[in-house]
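Engineer: Could you have a look at this structure, given as structure tokens, before my questions?
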Amino acid sequence: MNKLKAIRGMRDVLPDETPMWQWLEKKFRHMAYRYGYQEMRLPLLEPVSLFERAVGEATDIVSKEMYNFLDKNGEHITLRPEGTSGCMRAVLENNMCYNKTQRLWYQGPMFRYERPQKGRLRQFTQFGAEAFGMAGADVDAELIFMVRDLFRELGILNHVRLEINSLGTLEERKAHRRELIKWFEQHRTLLDEDSLARLEVNPLRILDSKNPEMQQMIEQAPRLLDYLHEESRNHFETLCLMLDRAGIAYQINPRLVRGLDYYTRSVFEWITDALGSQGTVCGGGRYDGLAQLFSDKPLPASGFAIGIERLLLLIQTVTQNDHPDWHCRPDAVITSELDDDGVQALLLAESLRHENGALNILVDCSGARLKKQHQTALKTHCRYIITLNNDGEIRLWDLTDNAQITTDKKQLVDQLSKRH
Ligand code: ATP
Ligand code: MG
């Protein structure tokens with residue numbers, strides 16, 4: 001028989017990993033709360049056209065990475081590859097920015113048909129924050145502050161670096177693009193196949209190339225930063241100033257272009273060197289032009305997304321995969337040698353849970369012999385083993401000091417609260 005397997009690039013999060021996920025999710029939620037961001041829960045399925053328009057047809061995501069299909073009505077549907085476009089759709093559709101601004105966050109799975117490898121999956125999870133209706137560099141800085149706070153809280157701030165750039169406005173990009181194409185045309189012989197394909201559709205992305213033979217030529221290519229007009233330049237300088245004032249170290253990387261078409265002005269990435277080439281743990285920026293692709297009213301916006309699987313890989317590397325909050329141990333395991341189909345053990349657990357709502361109690365329902373039950377209980381690293389004996393007594397075994405006492409149902413609760 002063929003073995004059943006998960007789809008390539010899609011992985012299970014097993015119970016020994018979920019405490020770590022829950023710990024991280026709690027940190028995200030708390031960070032969002034402290035900065036006044038509210039949670040959005042968005043659909044996993046969206047119309048294909050949303051991303052074709054928003055992310056851009058010339059991007060890797062839309063041109064080759066989307067999970068598209070026709071639904072029973074013949075509509076073109078896709079599994080969302082990212083969260084920003086859906087968030088913008090929801091904000092506009094629900095008229096959420098009528099006379100007000102919004103600070104929002106979301107978390108959930110994203111889908112991209114990419115080659116699976118370390119830190120790159122086909123189903124992965126993003127935590128994202130988006131701020132709508134605010135055009136200034138202060139909000140861009142706030143988003144970066146948030147991530148800095150989170151990374152500090154997670155103990156990884158010293159293992160990531162911040163790179164920033166400005167992609168200007170559409171008009172500024174157009175002027176730069178003309179010069180950029182000219183430059184690449186002059187050095188056409190140096191361009192690889194990928195870059196030749198990008199030359200007409202998305203020349204900015206050539207700057208992103210990792211091909212070592214092209215590096216020198218790319219270094220000398222016209223810099224978008226030199227094509228910014230006063231307003232964009234001021235915006236960028238204000239952002240830099242605020243980062244300086246907040247004591248956030250950063251590098252200006254004129255080649256940072258991000259893989260999505262919708263960005264304008266500020267863009268940033270938090271990068272680690274600890275994970276090989278999949279080093280970007282957070283990417284974000286401003287996307288003031290996006291709303292106008294869907295509505296006639298402009299709506300400035302800015303945001304970021306963090307790849308949770310990559311972030312967890314980094315945290316595990318840095319902490320050597322050990323953290324007190326990542327274990328889920330039962331407080332007590334109830335074992336029994338009574339020949340009663342497990343009735344007494346189950347009822348004892350119920351009354352203990354009733355008396356103390358904080359206890360995590362596991363009942364051994366295996367039907368195994370007592371010795372085996374104890375062996376199993378010890379493997380859970382529980383604090384107590386409680387045993388219902390044949391002679392009607394209850395034994396409480398405290399594994400922290402190895403004390404064993406005999407007690408009865410009534411005293412057991414007192415004993416537990418005295419020790420706990
Ligand atoms: P990369 O350059 O690594 O392909 P990207 O620019 O495509 O990243 P974004 O679309 O900006 O990434 O997504 C934000 C974050 O989501 C990334 O920084 C990364 O942490 C995470 N991410 C993106 N694609 C994947 C993937 N296939 N598997 C796991 N995480 C991913
Ligand atoms: Mg990518």
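The values are calculated or read from the model by the stated rules, or taken from the named source; none is laboratory data. Quick caveat: nothing in here was measured; it's all calculated off a predicted structure. Reconstructed Cβ throughout: ideal geometry from the backbone, glycine too, with neighbour counts over all protein chains shown. Accessible surface areas use protein heavy atoms only, side chains included; no ligands, DNA or RNA. Shrake-Rupley method; radii C 1.70, N 1.55, O 1.52, S 1.80 Å.
So that you can scan it fast, the table gives a plain yes or no per residue for (1) open to solvent by less than 40 Å² (accessible area, probe 1.4 Å); (2) in the same structural domain as L260 (by TED's automatic domain parsing); (3) of a type in the set (D, E, K, R):
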residue	(1), (2), (3)
L121	yes, yes, no
D140	yes, yes, yes
I144	yes, yes, no
G155	no, yes, no
R177	no, no, yes
Q186	no, no, no
L190	no, no, no
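Engineer: Looking at (1) farther than 18 Å from D261 by Cα; (2) not assigned by TED's automatic domain parsing to the domain that holds S302, which is the only condition V160 fails?
Structural biologist: Result: V160 passes all but (2).
Engineer: Would you mind finding the one in G86, G128 that is assigned by TED's automatic domain parsing to the domain that holds F268, farther than 15 Å from Q38 by Cα and open to solvent by less than 10 Å² (accessible area, probe 1.4 Å)? Give the steps one after another, and end with the answer.
Structural biologist: Numbers: G128 fails: farther than 15 Å from Q38 by Cα.
Being assigned by TED's automatic domain parsing to the domain that holds F268, farther than 15 Å from Q38 by Cα and open to solvent by less than 10 Å² (accessible area, probe 1.4 Å) holds for just one of G86, G128, which is G86.
Engineer: Still on this structure, please answer the following. Which fully enclosed helices (runs of 4 or more DSSP H) of segment 192-300 have 1 or more residues being modelled with pLDDT of 95 or more and open to solvent by 40 Å² or more (accessible area, probe 1.4 Å)? Lay out the reasoning, then the answer.
Structural biologist: Working: elements: 193-201, 215-219, 230-245.
So the answer is 230-245.
Engineer: Within segment 313-332, work out how many residues are aliphatic (A, V, I, L, M) and open to solvent by 10 Å² or more (accessible area, probe 1.4 Å). Walk me through how you get there before you give the answer.
Structural biologist: We begin by selecting, within segment 313-332, every residue aliphatic (A, V, I, L, M); these are 313-315, 318, 332.
From the residues that got through so far, the ones that are open to solvent by 10 Å² or more (accessible area, probe 1.4 Å) too are 313, 318.
The total comes to 2.
This table checks each residue for (1) more than 16 Å from ligand 1 (Cβ to nearest atom); (2) not small (G, A, S).
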| residue | (1), (2) |
| --- | --- |
| A274 | no, no |
| R286 | no, yes |
| F294 | yes, yes |
| P298 | yes, yes |
| T317 | no, yes |
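Engineer: Here's something else I'd like to know. When you scan segment 61-77, do you find a residue that is open to solvent by 40 Å² or more (accessible area, probe 1.4 Å), within 20 Å of the chain's Cα centre (by Cα) and not hydroxyl-bearing (S, T, Y), even just one? Break it down into steps so the answer makes sense when it comes.
Structural biologist: The initial filter retains those residues of segment 61-77 that are open to solvent by 40 Å² or more (accessible area, probe 1.4 Å), namely 63-64, 67-76.
Restricting the remaining residues to those that are within 20 Å of the chain's Cα centre (by Cα) gives 67.
Keeping just the survivors that are not hydroxyl-bearing (S, T, Y) gives none.
No, that holds for no residue.
Engineer: Take F151 and tell me if it is under 30 Å from L314 (Cα atoms), among the hydrophobic types (A, V, I, L, M, F, W, C) and open to solvent by 50 Å² or more (accessible area, probe 1.4 Å).
Structural biologist: Numbers: under 30 Å from L314 (Cα atoms): yes; among the hydrophobic types (A, V, I, L, M, F, W, C): yes; open to solvent by 50 Å² or more (accessible area, probe 1.4 Å): no.
Criteria not met by F151.
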